[in-house]
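I have placed the structure first, in the form of structure tokens, so that the comments after it can refer back to it.
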Amino acid sequence: MNAPTLIESVSADSLTNLLQESGYRVNRAEQGGSVQLLSASQGVGYTLRFGNPAATEGQYLDFTFSCALHIQGELPENLVNQWNASRRFSRLSVQGGFLVLEKDVVVAEGVGARYLAGSLLLWDRLLQEFIVYLRDYGRDNLSAATTPAQGQPGSDA
């Protein structure tokens with residue numbers, strides 16, 4: 001039985017093919033002299049940014065999935081920390097006026113094609129969870145702020 005071919009670096013072309021084969025639309029963009037891939041899942045746009053260059057030009061040892069949402073108004077105080085404490089495989093941060101969800105993928109020591117497909121599947125799921133998390137966090141905190149506490153004047157207790 002033949003050992004699977006290991007992928008030790010990725011390129012804009014190889015990741016474009018992966019995304020397209022998985023049913024995603026992909027556009028290329030250049031920012032600051034670097035190529036990025038733009039795509040979307042469940043109507044939420046994201047960027048695929050390349051990281052450390054490999055020995056061959058145009059090849060990279062890692063990349064990052066990144067979804068940046070513009071912040072309008074104030075963010076609830078614990079929104080970022082609660083996400084980071086309750087989720088694995090991603091990080092949430094505030095960068096400038098944006099709420100940014102990111103997931104790194106490293107291929108440097110060699111991975112199989114199934115690993116890359118699985119990383120894309122995991123990213124898709126994280127994006128879905130992220131949107132639900134934001135919707136539920138806002139709803140839960142709004143209802144907690146408008147519901148009188150038990151035993152307080154105006155409550156049913």
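Numbers below:
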| item | result |
| --- | --- |
| Potential lengthening between residue 55 and residue 129 on full extension [0.36 nm per residue; Cα-Cα distance subtracted] | 23.0 nm |
| Computed lengthening from residue 29 to residue 78, 0.36 nm per intervening residue step minus Cα-Cα distance | 14.3 nm |
| Mean-position separation - Cα centroids, the stretch 85-107 and the stretch 35-55, in angstrom | 13 Å |
| Protection-proxy order for peptides 122-132, 18-28, each taking the mean of Cβ atoms within 10 Å per residue, highest first | 122-132, 18-28 |
| Extension reserve of the residue 91-residue 106 stretch, reckoned as 0.36 nm per residue once the Cα distance is removed | 3.9 nm |
| Average Cα contact separation per residue, the stretch 12-144, under 8 Å, 6 or more apart, as relative contact order % | 17 percent |
| Neighbourhood net charge (11 Å Cβ-Cβ; Lys/Arg +1, Asp/Glu -1) for residue 54 | -3 |
| Contact order relative to length of the stretch 55-132, as percent, for alpha carbon pairs under 8 angstrom and 6 or more apart | 34 percent |
| Residues with amide H under 5 Å from that of residue 71, placed H, sequence gap 5 or more | 98, 99 |
| Three-way shape call for the chain based on the alpha-carbon gyration tensor, with the a/c threshold at 1.5 | prolate |
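Quick note: the coordinates plus some simple rules give every number you see, no bench work behind them. Remember, predicted model here, so these are calculated numbers, not experimental data. Neighbour counts are summed over all protein chains in view; Cβ atoms, including those assigned to glycine, are modelled from backbone coordinates with ideal geometry.
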